[in-house]
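Student: Got a structure for you, questions after.
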Amino acid sequence: MSLRIVVCVKYVPDATGDRHFADDLTVDRDDVDGLLSELDEYAVEQALQIAEEADDAEVTVLTVGPEDAKDALRKALSMGADKAVHVEDDDLHGTDVMGTSLVLAKAIEKVGYDVVIAGMASTDGTMGVLPAILAERLGVPQVTLLSEVSIEDGVVKGRRDGDTASEQLEASLPAVVSVTDQSGEARYPSFKGIMAAKKKPVESLELDDLDIDADEVGLAGAWTAVDSAAERPARTAGTIVKDEGEGGKQLAEYLASQKFI
Amino acid sequence: MAEILVYVDHVDGAVRKPTLELLTLARRIGDPVAVALGNGAADTAAALAEHGAVKVLTADAPEFAEYLVVPKVDALQAAVAAVSPAAVLVPSSAEGKEIAARLAVRIGSGIITDAVDLEAGDEGPVATQSAFAASFTTKSRVSKGTPVITVKPNSAPVEAAPAAGAVEALAVSFGALATGTKVTARTPRESTGRPELTEAAIVVSGGRGVNGAENFAIIEALADSLGAAVGASRAAVDAGWYPHSNQVGQTGKSVSPQLYIASGISGAIQHRAGMQTSKTIVAINKDAEAPIFDLVDYGVVGDLFDVVPQLTEEVKSRKG
Ligand SMILES: Cc1cc2nc3c(=O)[nH]c(=O)nc-3n(C[C@H](O)[C@H](O)[C@H](O)COP(=O)(O)OP(=O)(O)OC[C@H]3O[C@@H](n4cnc5c(N)ncnc54)[C@H](O)[C@@H]3O)c2cc1C
Ligand SMILES: Cc1cc2nc3c(=O)[nH]c(=O)nc-3n(C[C@H](O)[C@H](O)[C@H](O)COP(=O)(O)OP(=O)(O)OC[C@H]3O[C@@H](n4cnc5c(N)ncnc54)[C@H](O)[C@@H]3O)c2cc1C
């Protein structure tokens, strides 16, 4: 039987752009270019490597996001994924992590899976919790934040480098995996890959297709509320000196004046 | 007063500093009830009582160490059922966030992660979060269920506030998912003798400009003269010059010390995401145009191989 891999990828505003909030305190997506979250490229890469190792595998990339999120799917397809699923619905605007995970879980069940692979965190929300919530919702093992991962004979193994220890983990499929940016450099799409991606299927789903009510998601259905967002005041311009041989001493003088020494 | 559940991060009974900071925040919104799990759980009680815990719920079982995350979620859920708290606070470690998130979905609550401050509000606790590499500050709250909030290290002072801290055993039964992911081996991180990166008052970091693993000795010497932790940029980590556990930034640790000293680091947005909230920022870089200089309180344009050793000597001689 074919190994069914579903990779969750997020479309995010470019971190090097001028990111800010819209009037309703959701992420402003109009003024900044979007792209496939760089950290999800690592998830796509590991999925492709696992698929290459397996005799028979199919890699589906899945996103929940606005129309333009198709760009993220195309990028993943051009890296080598087989097909894509895009959950897109106006009612999704402003969905929090509980709503997003609900939609992803339902879509994953609809697509069918043996393993779900996600990134360590998105580069905009940066919560780093969605894979754990997915595992809870799907009722399968969570094998997350792996710097090394392999799948053999229906068992996923990997290394998780934690705060106080490095752990070797093991679980039976089906399971939810997430990988870090230490898991291995992601490949660049080849010209051939980019051309091939144009012909790969992208399935669009709406909330109705997943039996989700509009009031379970979106800003109104969120279980969290953002009351205000303020730009952090720019740091006041500091003193900058050029080292003419005394730079280290001048710096020590400054640190002493601030009572650090 | 309402009880606030505080999840205790400890190593064999030694309570880690972020948990004591959580107790300070918990006391602003209610009476802290601590939950300590695993080996040494009962040994945490004295430190927790000293910092305001009215009660300490403890549980130990082999499952906590042998399986990933879920046994701890089962226990925390049992504590929620026993206490009916007004909020649940968890330290923002990678594991803490996962425990909190699974708990939230189980008890039908919203979750806020990586709060940097917390205060009481009319509609429940109000959390402050930093967004977009700390260029924005938001105020948010959980609008459904019992608020579950994870809090970053260095978000509040540690305060002595002696309370009863009565130890009570927490009865936990593990669900079917608890044994899903087995931990087959564990290698504890070796201690360097330096302060913990996320907890340190001073962090001294080196980047690509340090130009080699052996040169990190210069950064370490400065750190040691100041009693600081050592950090590194991803460029330095990717080059294999310093361990990933010391990486500062979006995919490394996020630090918020009193003083951050960056040497040979350009100040890319992903690096800034992990250090921009530091109180005082100092940089040494030979390129006067490096973006890091936009952040600094004090900057030296110069070669780090000249400036850093001179600074270290000066610090040592001033400290006597
Ligand atoms: C600054 C900011 C702060 C926020 N804070 C909160 C908060 O405290 N509480 C809250 O409930 N919501 C919050 N949100 C909303 C939340 O980010 C989104 O709902 C988001 O879809 C899920 O969280 P994340 O992106 O942080 O996921 P993470 O947990 O960081 O994502 C991990 C992985 O999950 C997968 N993934 C995430 N989103 C998608 C998607 N849409 N489609 C496919 N795969 C995906 C990717 O593989 C990703 O690498 C915040 C958003 C922003 C911009
Ligand atoms: C998704 C994603 C996540 C990322 N996460 C992180 C992260 O967590 N942490 C992180 O740091 N980066 C992260 N990055 C990488 C980040 O974009 C930068 O590439 C990285 O921070 C650069 O490191 P650097 O400043 O050391 O190197 P460079 O940008 O190469 O800067 C080196 C600096 O050293 C100076 N220099 C050189 N020689 C000397 C000398 N002798 N004396 C003084 N100055 C000297 C140079 O002028 C230059 O400014 C991430 C990137 C992405 C895409």
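The values are calculated or read from the model by the stated rules, or taken from the named source; none is laboratory data. All figures in this text were calculated on a predicted structure; none of them were measured in a lab. Here the Cβ positions follow ideal geometry from the backbone for every residue, glycine too, while neighbour counts run over all protein chains shown. Note: areas computed on protein heavy atoms with side chains; ligands, DNA, RNA excluded. Shrake-Rupley method; radii C 1.70, N 1.55, O 1.52, S 1.80 Å.
Student: Using DSSP to define loop residues, name the trypsin sites (Lys or Arg not before Pro) in the range B:220-320 whose beta-carbon has at most 14 other beta-carbon atoms within 10 Å.
Tutor: Answer in residue order: B:279.
Student: Taking a virtual spin label 7 Å from the Cα of residue A:198 along the C-beta vector, which residues in the range A:54-79 bring their backbone nitrogen under 19 Å of it?
Tutor: What the label zone holds, given the 19 Å backbone N cut-off, is A:70-79.
Student: Quote the Stokes-Einstein diffusion coefficient, in whole µm² s⁻¹, for the range B:67-204, based on the Kirkwood radius over alpha carbon pairs, a temperature of 25 °C and a viscosity of 0.890 mPa s.
Tutor: Rounded, D is 143 µm²/s.
Student: Run the simple label-point estimate for residue A:24 and residue B:11 please: 7 Å along Cα→C-beta, distance reported in nm.
Tutor: 4.6
Student: Rounding to the nearest 10 and keeping the result within 0 to 90°, find how far the Cα-based axis of helix A:70-79 lies from the longest principal axis of chain A.
Tutor: Tilt of helix A:70-79: around 80 degrees.
Student: Sort the following peptides by mean Cβ neighbour count (other Cβ atoms within 10 Å, averaged over residues), highest first: B:105-115, B:175-185.
Tutor: Going from most to least packed, we get B:105-115, B:175-185.
Student: What percent of all Cα-Cα pairs in the protein assembly as shown falls into each 20 Å bin, going from 0 up to the bin containing the maximum distance?
Tutor: Going out from 0 Å in 20 Å bins, the protein assembly as shown shows 21, 54, 25, 1 percent.
Student: As an exercise, use a Förster radius of 30 Å and the Cβ-Cβ distance of residue B:303 and residue A:234 to find the FRET efficiency, rounded to the nearest 0.05.
Tutor: The pair residue B:303/residue A:234 has a calculated efficiency of 0.60.
Student: Return an integer: the convex hull volume of the alpha-carbon atoms of chain A, in Å³ per residue.
Tutor: Per residue, the Cα convex hull of chain A comes to 196 Å³.
Student: So what is Rg over Rh here for the range A:119-261, counting just Cα atoms and using Kirkwood for Rh?
Tutor: 1.15
Student: Can I ask one more? Do me a favour and compute the ellipsoid semi-axes for chain B from its Cα gyration tensor, root of five times each eigenvalue, largest one first, whole Å.
Tutor: 38, 21, 18
Student: Would you kindly give the portion of the calculated P(r) for the range B:202-319 that falls above 19 Å, as a percent of all Cα pairs?
Tutor: Roughly 37 percent, rounded to a whole number.
Student: Using Cα springs under 10 Å in a Gaussian network model of chain B, which residue among B:53, B:166, B:262 shows the largest mean-square fluctuation?
Tutor: B:166
Student: A further question on this structure: In the range A:159-188, which GluC sites (Glu not before Pro) fall in coil by DSSP and have 12 or fewer other Cβ atoms within 10 Å?
Tutor: Answer by residue number: A:185.
Student: Taking a ≥ b ≥ c as the square roots of the eigenvalues of the Cα gyration tensor of the range B:25-82, is the shape rounded (a/c under 1.5), prolate (a/b larger than b/c) or oblate?
Tutor: Because a/c hits 1.5 or more and a/b fails to exceed b/c, the range B:25-82 counts as oblate.
Student: By the gyration tensor of its Cα atoms, with a ≥ b ≥ c the square roots of the eigenvalues, what is the shape of the range A:1-77: rounded for a/c under 1.5, prolate for a/b over b/c, or oblate?
Tutor: Prolate is the answer for the range A:1-77, as a/c is 1.5 or above and a/b outweighs b/c.
Student: Report the FRET efficiency, 1/(1 + (r/R0)^6), for residue A:155 and residue A:185, where r is their Cβ-Cβ distance and R0 is 35 Å, rounded to 0.05.
Tutor: According to the calculation, E is roughly 0.85.
Student: Quick one: helix A:97-111 against the long Cα principal axis of chain A, what's the angle to the nearest 10°, folded into 0 to 90?
Tutor: Approximately 30 degrees, to the nearest 10.
Student: With a cut-off of at most 10 other beta carbons within 10 Å, and DSSP calling the residue loop, which trypsin sites (Lys or Arg not before Pro) in the range A:182-261 qualify? Please list them.
Tutor: Filter output for the range A:182-261: A:198, A:199, A:259.
Student: Over the range B:202-319, what relative contact order in percent results from Cα pairs under 8 Å that are six or more residues apart?
Tutor: 25
Student: May I pose another question? Within the protein assembly as shown, what whole-number % of the accessible surface is contributed by carbon and sulfur, with the 1.4 Å probe and all protein chains included in the calculation?
Tutor: 47
Student: Calculate for the protein assembly as shown the 222 nm mean residue ellipticity that helices alone would give, adding -39,500 (n - 2.57) per DSSP H run of length 4 or more and normalising by residue count, nearest 500 deg cm²/dmol.
Tutor: -8000 deg cm²/dmol
Student: Say each of residue A:244 and residue A:258 gets a label point 7 Å from the Cα, pointing the same way as Cα to Cβ; how far apart are those two points in nm?
Tutor: Spacing of the two 7 Å Cα→Cβ label points: 2.3 nm.
Student: Still on this model: Out of A:190, A:166, A:204, any idea which swings most in a Gaussian network model of chain A, alpha carbons joined below 10 Å?
Tutor: A:166
Student: With every protein chain left in place, what is the accessible area per residue of chain A in square angstrom, probe 1.4 Å?
Tutor: On a per-residue basis, chain A sits at 45 Å².
Student: Separate question: Separation of the range A:191-221 and the range B:1-78 by C-alpha centroid, Å?
Tutor: When both Cα centres are located, 41 Å separates them.
Student: Further question: Can you list the lysines whose alpha carbon sits under 20 Å from that of residue B:286, skipping same-chain ones fewer than 8 residues off?
Tutor: Within the straight-line cut-off, residue B:286 pairs with A:242, A:249.
Student: Between residue B:184 and residue A:206, with labels modelled 7 Å along Cα→Cβ, what's the label distance in nm to one decimal, could you check?
Tutor: For the pair residue B:184/residue A:206, the computed spacing is 4.7 nm.
Student: Calculate the FRET efficiency for residue B:159 and residue B:316 from the Cβ-Cβ distance with a Förster distance of 30 Å, rounded to the nearest 0.05.
Tutor: With a Förster radius of 30 Å, E is 0.35.
Student: Here is a follow-up. List the aspartates and glutamates whose alpha-carbon lies under 12 Å from that of residue B:97, not counting same-chain residues fewer than 8 positions away?
Tutor: Qualifying aspartates and glutamates at Cα under 12 Å: B:9, B:114.
Student: Given charges of +1 on the Cβ of Lys and Arg and -1 on the Cβ of Asp and Glu, with all other atoms neutral, how large is the dipole of the range A:3-221 about its Cα centre, in debye to the nearest 20?
Tutor: 820
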